[in-house]
1. Just for the stretch 58-78: of the residues that are in contact (Cβ under 8 Å) with a residue 40 or more places away in the chain and assigned to a loop (DSSP other than H, G, I, E, B), which one is nearest to Trp21 (Cα to Cα)?
2. Only one of these is assigned to a helix (DSSP H, G or I) and either in contact with a helix residue (DSSP H, G or I) (Cβ under 9 Å, 6 or more places away or on another chain) or surrounded by 13 or more Cβ atoms within 10 Å (Cβ to Cβ) (or both): Arg55, Arg81. Name it.
3. Hey, among Ile129, Ile181, Ile138, Ile101, which residue is free of Cβ contacts under 8 Å to residues at least 60 places away in the same chain and closer than 21 Å to Tyr227 by Cβ?
4. Scan (1) farther than 18 Å from Pro331 by Cα; (2) within 23 Å of the chain's Cα centre (by Cα); (3) surrounded by fewer than 17 Cβ atoms within 10 Å (Cβ to Cβ) for the single condition Met394 breaks and write down its number.
5. Say whether the condition of being β-branched (Val, Ile, Thr), free of Cβ contacts under 8 Å to residues at least 40 places away in the same chain and touching a strand residue (DSSP E or B) at 6+ places or on another chain (Cβ under 8 Å) is met by at least one residue in the stretch 303-310.
6. Of all the strands (runs of 3 or more DSSP E) wholly in the stretch 164-236, which have at least 3 residues that are at pLDDT below 95, of a type outside the set (Phe, Trp, Tyr) and closer than 18 Å to Gln287 by Cα?
7. So which of Ser330, Ser336 is over 17 Å from Pro145 (Cβ atoms) and within 24 Å of the chain's Cα centre (by Cα)?
8. Quick one: which of Ala88, Ala92, Ala100 is part of a loop (DSSP other than H, G, I, E, B), within 17 Å of Ala243 (Cβ to Cβ) and either in contact with a Cys (Cβ under 7 Å, 6 or more places away or on another chain) or of a type outside the set (Ser, Thr, Tyr) (or both)?
Amino acid sequence: MNGHKFHPESLMMSYGYKPEWSEGAIKCPIFQTSTFVFSKAEEGKAFFEVAYGLRDKGEKEKTGLIYSRINNPDLEILENRLSLWDKAEEAAVFESGMSAITTVFLELLRPGDLLLFSSPVYGGTDHFIRHFLNQMDIQAVEFTPQDTEEAIRQRIEDSGRGHKLKLVYVETPANPTNTLIDLRMCRALADYFQGPDNPEVVLAVDNTYMGPLWQHPLDHGANLSIYSATKYIGGHSDVIAGAICGSSVMIKRLKVLRTFLGNMCGPWTGWLLLRSLETLVVRMERQTHNAQKVAAFLNKHPKVTKVYYPGLLSEKDGKQYEIYQRQCLSPGAMISFDINGGEAEAFDFLNKLKMVKMAVSLGSTESLAEHPASMTHAGVDPRHRAEMGISDKMIRLSVGVEHSDDLIWDIQQALG
């Protein structure tokens, strides 16, 4: 518009949609249809060639609508808008966060390959790596935020499959410990193991905890930025979805596999996410404002032994603080904390909450609390949980948009 570059939050109301396409409707309608009509046979042929990856789309060629498993107006407009936050060339939306993550693994890894991944990661991701990928002869090398670049490189070389490293998968901040992974270091590791016989090592980042606002992995060398769109993008605990942002080449590969796996999101889900994107900034800013106040309160409470929150990092925290300053635009709204005692005391706290709801998931308008060791990370080997710092006394709190005074009152009375 006259050369002015609009911010993403302004474009969420209209980008990729014109009211004249739908009888002047100011909002994109729900295109609840399974199939789309071709104007002529040649058009149908051309659409399928591009959709199935048989050829690249022409410079001025428009991607045509075929079938809602392949594409749908709600899905395409949503993907166009999502790509703006990460300044990505394209985006792909899936039926869940796990379907987005597993599609990345299945597209980029083959038997005999090597995967490097950070720890801890979400329990479902951890299970898929250790059990499903392991059965496919895909070897996984794990590293923690405490490991140096040299130590990780040596671990990769000791695996005997350094020349087969295909994917570096990172979750930062980590769920549920909020520990940060240095993306610049991960990019350097990926580049180190690239060569003539291994031309591309992909860096994929699960950016769910910071959402599309507070961290932009593509700016720090990542190829893919992955989201459970159920969380901040959806933001209302009423939709399940996943999303990936990246280059056109990479997203095209993932969309072709998505077509055959059939794990795209439907038009109703797409429409709900379009609605949610309009308030993304308002919600996330309020949630972060509340989280900072709650974290400060918890940090001083005598019954709380440790608070895991990026906003409490300082120079004495060394590398973690340096990563936070460089990578993150905000501390976010996810807090974990250790309570005096163990599982019994943690359960007692959770059972006494009145306004904060006890449930898994995160990033929604309402505040949610859960017990990672027995809930979201129950499937992780107990010894491995302990190594990751996920103890029986840990509580995970997703801070919502309620008034911060009410949240603090509820937490205080439950601790009391």
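1. Looking at the filtered set, the residue picked out is Asn72.
2. One residue alone meets the criteria, Arg81.
3. That would be Ile129, the only listed residue that is free of Cβ contacts under 8 Å to residues at least 60 places away in the same chain and closer than 21 Å to Tyr227 by Cβ.
4. Tallying (1) farther than 18 Å from Pro331 by Cα; (2) within 23 Å of the chain's Cα centre (by Cα); (3) surrounded by fewer than 17 Cβ atoms within 10 Å (Cβ to Cβ), Met394 fails exactly one: (3).
5. Within the stretch 303-310, one or more residues are β-branched (Val, Ile, Thr), free of Cβ contacts under 8 Å to residues at least 40 places away in the same chain and touching a strand residue (DSSP E or B) at 6+ places or on another chain (Cβ under 8 Å).
6. Result: empty, no element qualifies.
7. Sole residue among the options that is over 17 Å from Pro145 (Cβ atoms) and within 24 Å of the chain's Cα centre (by Cα): Ser330.
8. Ala88
The values are calculated or read from the model by the stated rules, or taken from the named source; none is laboratory data. The structure displayed is predicted, hence computed values, not measured ones. Because the Cβ atoms are built from the backbone with ideal geometry, glycine has one as well, and the counts that use them run over all protein chains shown.
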